Every structure is written in C-alpha cells, then in structure tokens.
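Chemist: Take this structure first; my questions come after.
The values are calculated or read from the model by the stated rules, or taken from the named source; none is laboratory data. Everything numeric here is computed off the predicted structure, so don't read it as measured data. Cβ coordinates were reconstructed from backbone atoms using ideal geometry, including for glycine residues, and neighbour counts include every protein chain displayed.
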There are 2 protein chains.
Amino acid sequence: MKLSNMLGDRFRETPADCQIISQIFMIRGGYMKQVANGIYSLYMPARRIVRKIENIIREEMDLIDGQEVLFPVVMPADLWRESGRYDKIGSELARFKDRGGNDMVLGMTHEEASVQLVRGTPKAESAYPFMIYQIQTKFRDEPRARGGLIRVREFTMKDAYSFHTSQEDLEKYYARAYHAYERIFARCGVPEVVAVKSDSGMMGGNISHEFMLLTDIGEDTIVTCPECGYRSNMEAADLVVKNEKLGEEALTKVATPDQKTIEEVSAFLNKRPQDTCKAVVYQENLTDKYIVVFLRGDLEVNETKLRNFVGCEIHPATEITEASGIVKGFIGPVNFKGDARVLFDKSLDGTDNLVCGANEEGYHYTGLSIKHDLKVEGFCDVAKTYAGAICPVCGKPAISISRGIEVGNIFQLGTKYSHSMGLQYQNKDGGFSDVIMGCYGIGVGRLCASVCEVRHDDYGPIWPITIAPWQVHLCAMRADKPEVREAADKLYDDLQKAGVEVIYDDRPVSAGVMFSDADLLGVPVRVIVSPKTLGRGAVEVAARDKSFRQDASVDTACQEIAGIVRDMIAKVNDVE
Amino acid sequence: MKLSNMLGDRFRETPADCQIISQIFMIRGGYMKQVANGIYSLYMPARRIVRKIENIIREEMDLIDGQEVLFPVVMPADLWRESGRYDKIGSELARFKDRGGNDMVLGMTHEEASVQLVRGTPKAESAYPFMIYQIQTKFRDEPRARGGLIRVREFTMKDAYSFHTSQEDLEKYYARAYHAYERIFARCGVPEVVAVKSDSGMMGGNISHEFMLLTDIGEDTIVTCPECGYRSNMEAADLVVKNEKLGEEALTKVATPDQKTIEEVSAFLNKRPQDTCKAVVYQENLTDKYIVVFLRGDLEVNETKLRNFVGCEIHPATEITEASGIVKGFIGPVNFKGDARVLFDKSLDGTDNLVCGANEEGYHYTGLSIKHDLKVEGFCDVAKTYAGAICPVCGKPAISISRGIEVGNIFQLGTKYSHSMGLQYQNKDGGFSDVIMGCYGIGVGRLCASVCEVRHDDYGPIWPITIAPWQVHLCAMRADKPEVREAADKLYDDLQKAGVEVIYDDRPVSAGVMFSDADLLGVPVRVIVSPKTLGRGAVEVAARDKSFRQDASVDTACQEIAGIVRDMIAKVNDVE
C-alpha cells in the first residue's frame, strides 16, 4: 500500500474528548472515525489489525476443535423471551419492531442463538461435546461508551459456546479454552494478559474467568497475591480478616452528639475504625425494601458480592424514611428495630469490644461483643478486599490491587440456557437431561485498543508484528531524486514478492512529517531509503521500538528484511 | 474436520416452505437454520463457503487498489437525513431509538457512511481517486424474504465506494471494477454470470450494471440479444418498434357495447391488438393524481421506466373516480377530458388507422391517425420489450427473455451523495467541486445460494472447488475394521499436512447414508477407503460431478489427491 493513496488523515493535535492513549493515537493516526457515540468506522490500518487478530483467534479456536458458524445480528425477541433475558436486561439491549410488527433485538451476545442452532431432536450423549464459535458484529447500548474502542456500543466479538453432558467434561474443555486464550493473547503480543476469577453477572453460571490486561486506565479492579499467584476481579474477591481480641468489656451506651460517620465516632471515642461495627444501608431495586449490612468499620461493601448474596438488584439507600425505624448515623445491631433485612459480614465474626450505633439519635454503644450481645444466625461475605489484606489462598497479608482491561472472558454457564430453552440430550438410560454449556468471548476491537495502551511510546503505537497493520514501513526520503525513487520502488516490489506486507511512504514530504506519520502507524520494522543511505550503498533498517537500527546492503536488503520479519513473528508466536 | 463431530443434521425429506433447490439442499444438508423470517444462522459448511467467497472478493478488490475498511451496522438517522434517504426509503429501513432517544438505523447499504468517512477538509484533486470497501452484515427489512439465502433480511455484503474528480476517471475505474467482478464470479466457479444494463433505482446515478446468473428461479427478467450480445435488465430495456402503415381512414365513432378490454374490442372490430391504442391508468403515490399512458395495444407498460420518466413513485390506479372525467374501459386520446397527466409511448409514433376509446361509455373510434388526429408534443419510452422484439443495438428482431438472479451490481452514482452531504475536493483553480462517486456491491450469501442453483444434481450441490466447504470428502467405509480405520486416519492426517482441506466421515454408518451425506455436502473430490479398495492396495478417488473416478495406490494417494485438488483450483482460477 502506498501511503500517498491511503485514506485517513494523521495529525499532531490531541483531539477533543479523547481520554486515553489508544483513543488519541488511533484518532490521530487515521485508524478510525466516530460515526455516533460509541460507534466507529475503521480505516484500513485498524481494519487490518482487527483482521489479523481475528485470524489468530480463528486459528486457535480451530485448534481446540471449534466449528465456525455465523449467528444473525438481528434476532426475534421471542428467542430472548425463552431464556428470560428479554425482560431481565435493561436498555443495553437494543430493540425494534420489524415491518410486520414483530419485536426484534440486536444481538449483544448469542447464548440464545447458539441454543437455537443446536437444539432439535434430543441427540445421543455420544454427539457431545462440541464447540461452535463466530466472529461477528454486536451491539450493546452501553450507557458509558468512552475511550475509543475500549468501550463502544457496536463491536466485533468472537463468541464461542461449548456443549457437554457432564460438569467434568465442561471443566476439561474449559481448561483447553483457558489455554487457547493464553495462546491468543501471547500471539497478539500481550503475553502479560492474566486470567482472574470473576463474577458471572448476567451470564448465569458459576465459575468464570476474565482475561485482564493490567493497565492504569482499566475499568476493572484486580486483586492479586504476588506470593502465591492468586488473582481475582475485585467483584469476586474473597476477603479474609483476622481480628485481634480486644478483651471483653460491658456494653455501655455513650453520648456521641453529632458524631455520625465512623471517622467521627472513632476519633471522638479514641478508637480505631476497625474497632467499630459499621452499618451500610441498601435498598432492593424492585421493592425499595431496606437491607442493612453490618461490617467491620474500616471495610467497604463489595456491591457485587452483596447483590449475589441477596439474589436481586440493589442500590445504596437513596433516602432513609422515619417510618422505617432506621436511625440514620446511629444504626447498630443491638435492639435494632428498623424495617429491614439485616446482614452481618464475616469480618465481624468473633469480634468484641466494638463501638456501634445505639439506634438512638446522639448515642453509640461501646463494648459490643458479637458473640455475647447478639444472636447472629450466619455471616455473609460481602466486604471488599484491600491492599495488604490476607490472601484467601496462601494466607499471607500480601493482597495487591491493580487495574485492568477485560479483553476476554470464559464462563461455565451450566444449564441456565439449555434448561430454559429446552436443549436436552438423551442419556444412556434413554432419559433426557439438560445439556451443560460453557461460553467464551473476546472483544476484538477492544483487544486492539488494549494492545495500544501497553505497547506505545510518546509518539504512537508500537504494534506487535503479528497484528501490525503492515510488517514494514518503507520511507523513501527525497523520492524526487530518481535514484531514491528507483531503489525504493524496487525494494517495495521485491518485499511484496517475498510475501512481506509493506506500507510505502512515497510522498514528497519532509523527514519530520514522514517519521511522525510512521510513528503513528506503529509498524514494527522501518526501512529508510535516502540519498545518504544510498551513498553508503545501503538502506537503513530500524525497529519501531528502537531495539535495533542497522544498515542493510542494497543488494541483500530484501532478504535481510524478510528474515528480520520472519524472526520477529516466530518470536511472538513461540508460545506453549 | 470429522463428520462425526460436526454440528448440523442432514436428512432426506424436503422441508416444508422450501421453494427452490438451493434452499432445499442447504436446509437438508445442514448448512443453515432459520432464526426468523429471512434471518438465518449458518452452520460450519455454509460459513466456510461464505468465507472463501469473501476471500476471493477481498483479493480481487485489493487488486484494483481497494482499501478495506469497516462501517458500522448501526448508524445515526441524521446521517441518512443528510442524504435525504431517511424519509425517502420506506419500511425496508429498520429504525430504532437508542437509550438516549436518538433515532438510529440499521445499515442496508453504506453510501452515507462512506461519505462520512471520507469527508473532512476538502482534499486536493491529487488525493483522488481511491476506493474503499467492506465485507459486512447488513439488514434490509425485505417484505418478500423467500428462497433461503437468495432473498433474506439479514445478509453479508461486500460494498465498495470509489471517489473521483471527473466522470472520465469514474468511468475508467468503473471498467476496472466491471472486470474485477467478472474475475470474482469466474473464480467462484460461475463464469457464466453476465453483466446487464440496469435501472439505478434508489441508488441514484445513471449508468449501472447488474451481474446476473441466468436461472429460471431468478426474480429478475433479463433481456438479451443473441445476435449482438446486447443485455439489459427488463426494467431498463429499451423497446424498439416498427409499425406497418395500415393506410389512413377517417376517424369514425363506432358502438362497442360492453367491449372494454383490448382483446374484446379488437375481436369485436376484427382488428389485431397491435392495431389499437391502449390506455393504462396509474396514480402518483403521494398525490393520487392520475397518469394515463397511451401505448400500442399489444404492449405492456414497463413500470420502472414509467416511474423514472415521471420522476416519482407510482402505482396502477386502484379506483377511477367519476369526478376525474376518465371513462374506464373507453379511454382514448381524442377529446380526452379527464383530469390526468397524459403520456404517449413511442410505440404509437407514426401509427395510423388505430382503434381507440371514445371517452364515452360504449363507444370506440376507428381510423385514429396519431399524426393527423392528435397533437402529441413528445413521446416517451415506457413500454416493455418482449421476446422477438427488435434489438435496440443491432436492429434484428432477436430479443430473447430469460430470468436471472442478481449476484452483484455496479453503479455510477455521480454526485448524488457527495452533493447532499458536502463531500468536495479542491480543484486546480482553488475552487471546490463535488466529488464523483461509484459504488459496487456483491451479496455474499446470495452468491453462495446462486452457485448452488446452477451447480447441483438431484442429490445435492456440486460446489466449485474454490468455494467448496472442503476440498476432499474422505469416506472410511467399515471404519470398524482396523485396517480401514488406520489407512483412513493416516490419509486424513497426511492430506491435512499437505494443506488439503478434508472432511472425514469416520462414522459407523451404511454406505447409503455416507454417500447421501457426501452428496449433500457437495465436496468436489471424494475419496473412499474400504476393505474392497484396500484389497487392491488402493483408495478410490472420484469427482462429485462424476467427471472422473479412479484408483490411487495407498502409498501415493496423498500426493495424487493433493495434485488433483491443485489442478482443479488452478483451472477455476485461470481467468483473464
């Protein structure tokens, strides 16, 4: 491709409304253009990157016996009614009526479509397992579209669905998919992507993992233990606490006028926050019913864990009415008479000598012993972990918190969709059982942008060679000079004949423009042909990441460059 | 791929609601499953065919300097308001409101998106020409979805857009695209696809061609002249008529009680239909205003030509009111006093001694001379051509009518979209001019089904090797016998290592089931390993189209089969 013919402008100014580096470089480098909020068209460089990622994914999916299929973007609402998601999912699911008045939806994920494709006459157990996947456009009417391709409304996704007759078989396949994901990310040049235990959210099922690229701009909070390798999304992370015994004291009501927050109360009473029992009030979304969570005063509630525990959507209480009997700022577990569901987090288990609210304006108790002063029927696990917390696996106080972008996920779905949608197999006894499913997603465009987040310098992306839009960026400096033009044209032709992907800058522009454009396109190998290099019978070959810079003789440049490209590809692809 | 693991059932019964052979075979062969009316999911065999077609298209688009891009499926309505199509197009255009209440549309074509991607600062003339294309899902809420993948609502399409600064340059590129299209269809195994002149319809612009695969199930009517090669879609076909002079007679009113149709009147008066002047009444869609078309009595109105001539949407008159002054059944051009726009088709030019209505219940005229009895200010060309009509190019009465499926189209759009949407370039004088555009489409799924329509036998499709889901179908007959299993497994591995795409039927099924499944999958080369063939130290290699059937020694089978595949591919790809 000649740069002089290529559509898409490159420029120096950081565009307005750009929050993150991948968005800035991909707008400034002519990779994409916004069509509407969270909806982009891709120019040639981005389209090529995305296609290369797709091909890597396809190869790896085929290697784990995936069958590539294609589901529709537009589906009848009835299919989503069968699974119950038509009503459960809110306005992320785009809906419209077709010309016949039928309710239709735009696919944001394809569990329903995959079950529809697979079901029919119940098949014998021997027909299982199998996996089907597609690479396709999806639309999710995301309320917080932002950050270029990181969080969009329309996106290309690889989604895969596996079908099994036992949990054991699902787990075996899940492990293969997990490994294929590791290979995919490594082959895309980001071997540092890590899998973390995750919350399954609206997908249903139990065990699931997210593949995270750790970077400060990530929207997800990741909990890791450097000691043992434990990794979890914050949403799903267990918290382990060890409480020191403080020594029993009698429960005593004390006046704490105007002291409402944990900080105020503990300072006023000369206690540490962890020596208090804090109350946090939520409401169920549907009924507005109150939920009061008691937990150790220095901790926060993990709302995802709380949501999973109570089994419905919740939100922090917007208003606490007088009628509820809950005394805001002074809520405590002793003689609590509020109209609310009361939960005790396990951080309170076995604690004593705590400060807590007295359910009376202006008063707290000191000397609360959970064991002696209360009858707690069971503790739940709804507190957030924190940096320095005890690792739930190795027990060391080594928990570390970082941020990451989710570039893929894998879920053990179980029978959620097969059961509701009637996908059964015939077991050996002739009876029928629900098929057990797994599902496996990768956001292709998001992966592209995420790679840019972690592979760039101040001037532009540094694309890994396996997904770079081209392998070689050929700059003809002073292409107005016939000897430069001729040498560069010949090298361009020769490299293409040798199977090397070349973007050729043959424009009559300054070295400054030429190099800054090349930086923005981020092609890993740069070749410069100029009067100067030709003067020494050579072309200059340099790495975009500055790891090498050398001359190659004009006569052997093509083979040398092709060799460098081959070696670079082999190095990235050298994964287990 | 092992057939035993592959998803998708094959069966013998013709499914209900299947009208055409490609639909029957693609349902019976486990290629696809309907999700909703006109919306399908594709199983692995169809997905592979479609991908191969996509790759052929991509290669040929790249060869004519196409830049692959990607436009979104979901677009803001405002983009379509700019071009005027949001209001012009009816319910084929699927519309919905996003969560923010914005009007959105699903892309059925991407002229607007292409202009949005290209426009910005007006570029210098030297930045042109260029072409961009995408291969992507589209949705058109088609009222008459039918025939499997031939006419669907959701479909994969390659759409390309070229941008020029002169009509001459557009025409030069148009010719390149035309040739690329010939190569694409030839490489997909249907070199018989022909280009016909077409009506541009809602796309705007003037010159356009459709690429047609001639088959009786086609929805389009194609006009061809075997004498000179003239080809046109019926919608755009000129009609040339030569009228014999019948000899002038005086205009005479005659009673024709109850004789209303041309057939009745001409029989009653002992005339031929072509010796009459017929009236056909239409109405403008928006205003219900009447349009009366007079044409020679044996001809029909070509509604597309009429629509283009009057410049608005029209329909046959549903009711002719008394107030209009039009006397139904007796309409004639002499003393016509109806409230209508009156058009004369050129088939009447110079005719004499015709029968026509007298605009009076129960009466006609005889002896009408267009020249003497009327003052016609201009004739239009709105009559349909017919088999045996005079060719408008070579003048021989050789016009032939056939039916075809449109598998691709190319349009010279002109400035329709650039003008309305503000896409300009800076010309040499420093002024600004509208960019001139062309557009070029191919329906990928439709092409797949169309190939099946013309490449099949009674038992299933016969896929051309370049787009076949696999190249070789390996049948292990009696795979329960270890020697068969071993030889077939080895050949399967060896062929895959040699780069041959193999579907391997290793199931313990009868020869009947095995062969009928193979027929339905339509893979061009079939290899049979059985106790019998092994008994003679061989495997059997046969063509799906029965053009050859031979033994290959077990030792050399892999190389021989790979050679056959190579030769078959080379033969199809051997196009200019």
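Chemist: For the stretch A:544-556, give me the residue count where each residue is within 20 Å of A:MET514 (Cα to Cα) and more than 33 Å from the chain's Cα centre (by Cα).
Modeler: Count: 4.
Chemist: In the stretch B:30-57, what count of residues is obtained for those that are at the interface with chain A (Cβ under 7 Å from one of its Cβ atoms) and in a loop (DSSP other than H, G, I, E, B)?
Modeler: Total meeting the criteria: 1.
Chemist: Can you go through A:ARG485, A:ARG507, A:ARG478, A:ARG446 and tell me which one is in contact with a strand residue (DSSP E or B) (Cβ under 8 Å, 6 or more places away or on another chain) and either modelled with pLDDT under 95 or not assigned by TED's automatic domain parsing to the domain that holds A:MET131 (or both)?
Modeler: A:ARG485 is the lone residue from the list that is in contact with a strand residue (DSSP E or B) (Cβ under 8 Å, 6 or more places away or on another chain) and either modelled with pLDDT under 95 or not assigned by TED's automatic domain parsing to the domain that holds A:MET131 (or both).
Chemist: Here's something else I'd like to know. Looking at the stretch B:165-179, which of its residues are aliphatic (A, V, I, L, M) and surrounded by fewer than 21 Cβ atoms within 10 Å (Cβ to Cβ)?
Modeler: Result: B:ALA175, single match.
Chemist: Those residues that are outside any helix (DSSP H, G or I) and more than 18 Å from B:GLN559 (Cα to Cα), I need them from the stretch B:526-544; list them, please.
Modeler: Result: B:SER530, B:ARG536, B:ARG544.
Chemist: How many residues are among the hydrophobic types (A, V, I, L, M, F, W, C) and assigned to a helix (DSSP H, G or I) when one looks only at the stretch A:491-525?
Modeler: Total satisfying the criteria: 9.
Chemist: Another question, then. Go through the stretch B:33-48 and give me each residue that's surrounded by 20 or more Cβ atoms within 10 Å (Cβ to Cβ) and touching a Lys or Arg at 6+ places or on another chain (Cβ under 9 Å).
Modeler: B:ALA36, B:GLY38, B:ILE39, B:TYR40, B:SER41, B:LEU42, B:TYR43
Chemist: Would you mind stating whether B:SER547 is modelled with pLDDT of 95 or more, under 29 Å from B:GLY218 (Cβ atoms), of a type outside the set (Asp, Glu) and part of a helix (DSSP H, G or I)?
Modeler: Here the answer is no, as B:SER547 does not meet what is asked.
Chemist: Quick one: B:GLY499 ticks every box in (1) touching a strand residue (DSSP E or B) at 6+ places or on another chain (Cβ under 9 Å); (2) over 21 Å from B:SER4 (Cβ atoms); (3) touching a residue at least 60 places away in the same chain (Cβ under 8 Å) except a single one, so which number is it?
Modeler: Of everything listed in (1) touching a strand residue (DSSP E or B) at 6+ places or on another chain (Cβ under 9 Å); (2) over 21 Å from B:SER4 (Cβ atoms); (3) touching a residue at least 60 places away in the same chain (Cβ under 8 Å), B:GLY499 misses just condition (1).
Chemist: Still on this structure, I have one more. Taking the stretch B:88-113 as the search range and keeping residues that are among the β-branched types (Val, Ile, Thr) and under 18 Å from A:GLY101 (Cα atoms), which one is farthest from the other protein chains (Cβ to nearest Cβ)?
Modeler: The residue in question is B:ILE89.
Chemist: Something else now. Among the residues of the stretch A:304-337 satisfying the criterion of being within 30 Å of the chain's Cα centre (by Cα) and free of Cβ contacts under 8 Å to residues at least 12 places away in the same chain, which is nearest to A:LYS278 (Cα to Cα)?
Modeler: Filtering the stretch A:304-337 for residues that are within 30 Å of the chain's Cα centre (by Cα) and free of Cβ contacts under 8 Å to residues at least 12 places away in the same chain, the one nearest to A:LYS278 (Cα to Cα) comes out as A:ARG307.
Chemist: Here's a follow-up. State the number of residues belonging to the stretch B:135-169 that are facing chain A (nearest Cβ under 9 Å) and at pLDDT below 95.
Modeler: Here the count works out to 2.
Chemist: May I pose another question? Do we find that A:GLY362 is more than 22 Å from the chain's Cα centre (by Cα), closer than 18 Å to A:ARG272 by Cβ, among the small types (Gly, Ala, Ser) and assigned by TED's automatic domain parsing to the domain that holds A:VAL334 in this structure?
Modeler: no
Chemist: Now for a separate question. Against the conditions (1) touching a Gly at 6+ places or on another chain (Cβ under 8 Å); (2) more than 27 Å from B:LEU306 (Cα to Cα), where does B:LEU214 fall short? Just the number, please.
Modeler: B:LEU214 satisfies all of (1) touching a Gly at 6+ places or on another chain (Cβ under 8 Å); (2) more than 27 Å from B:LEU306 (Cα to Cα) except (2).
Chemist: Just for the stretch A:238-256: of the residues that are in a strand (DSSP E or B) and hydrophobic (A, V, I, L, M, F, W, C), which one is surrounded by the fewest Cβ atoms within 10 Å (Cβ to Cβ)?
Modeler: Applying the filter and picking the extreme gives A:ALA255.
Chemist: Separate question: Name the residue that is nearest to the chain's Cα centre (by Cα), counting only residues in the stretch B:557-571 that are surrounded by 14 or more Cβ atoms within 10 Å (Cβ to Cβ) and either of a type in the set (D, E, K, R) or outside the structural domain of B:LYS497 (by TED's automatic domain parsing) (or both).
Modeler: B:ARG566
Residues are listed down the side, and each one gets a yes or a no for (1) touching a residue at least 60 places away in the same chain (Cβ under 8 Å); (2) in the same structural domain as A:MET421 (by TED's automatic domain parsing):
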{"site": "A:ALA77", "(1), (2)": "no, no"}
{"site": "A:ARG85", "(1), (2)": "yes, no"}
{"site": "A:GLU92", "(1), (2)": "no, no"}
{"site": "A:GLY101", "(1), (2)": "no, no"}
{"site": "A:VAL115", "(1), (2)": "yes, yes"}
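Chemist: Out of the residues in the stretch B:543-556 meeting the condition of being surrounded by fewer than 11 Cβ atoms within 10 Å (Cβ to Cβ) and of a type outside the set (Phe, Trp, Tyr), tell me which one is farthest from B:PRO191 (Cα to Cα).
Modeler: Once the filter is applied, the top-ranked residue is B:ASP555.
Chemist: Same structure, new question: If we keep just the residues of the stretch B:325-353 that are among the polar types (S, T, N, Q) and crowded, with 20+ Cβ neighbours inside 10 Å, which is nearest to B:TYR282 (Cα to Cα)?
Modeler: Filtering the stretch B:325-353 for residues that are among the polar types (S, T, N, Q) and crowded, with 20+ Cβ neighbours inside 10 Å, the one nearest to B:TYR282 (Cα to Cα) comes out as B:SER347.
Chemist: Just checking, which of A:ASN102, A:ASN55 is more than 30 Å from A:LEU520 (Cα to Cα), at pLDDT 95 or above and out of contact with any Gly (no Cβ under 8 Å at 6 or more places or on another chain)?
Modeler: Matching residue, one of A:ASN102, A:ASN55: A:ASN102.
Chemist: Would you please name the residue that is nearest to B:ILE49 (Cα to Cα), looking only at residues in the stretch A:58-81 that are away from every other protein chain (no Cβ under 12 Å) and surrounded by fewer than 16 Cβ atoms within 10 Å (Cβ to Cβ)?
Modeler: Here the residue is A:GLU59.
Chemist: Going by the conditions given, is B:ARG187 within 13 Å of chain A (Cβ to nearest Cβ), surrounded by 22 or more Cβ atoms within 10 Å (Cβ to Cβ) and either out of contact with any Gly (no Cβ under 6 Å at 6 or more places or on another chain) or at pLDDT 95 or above (or both)?
Modeler: When the stated conditions are applied, B:ARG187 does not pass them.
Chemist: Follow-up. In contact (Cβ under 8 Å) with a residue 40 or more places away in the chain, crowded, with 20+ Cβ neighbours inside 10 Å and β-branched (Val, Ile, Thr): does that describe A:VAL105?
Modeler: Spelling it out, it is not the case that A:VAL105 is in contact (Cβ under 8 Å) with a residue 40 or more places away in the chain, crowded, with 20+ Cβ neighbours inside 10 Å and β-branched (Val, Ile, Thr).
Chemist: Considering only the stretch B:116-134, how many residues are within 34 Å of the chain's Cα centre (by Cα), more than 8 Å from chain A (Cβ to nearest Cβ) and either of a type in the set (A, V, I, L, M, F, W, C) or more than 24 Å from B:LEU63 (Cα to Cα) (or both)?
Modeler: 3
Chemist: Starting from residues that are surrounded by 20 or more Cβ atoms within 10 Å (Cβ to Cβ) and assigned to a loop (DSSP other than H, G, I, E, B), keep the ones in the stretch B:389-429 and report whichever is farthest from the chain's Cα centre (by Cα).
Modeler: Restricting to residues being surrounded by 20 or more Cβ atoms within 10 Å (Cβ to Cβ) and assigned to a loop (DSSP other than H, G, I, E, B), the top hit is B:LEU423.
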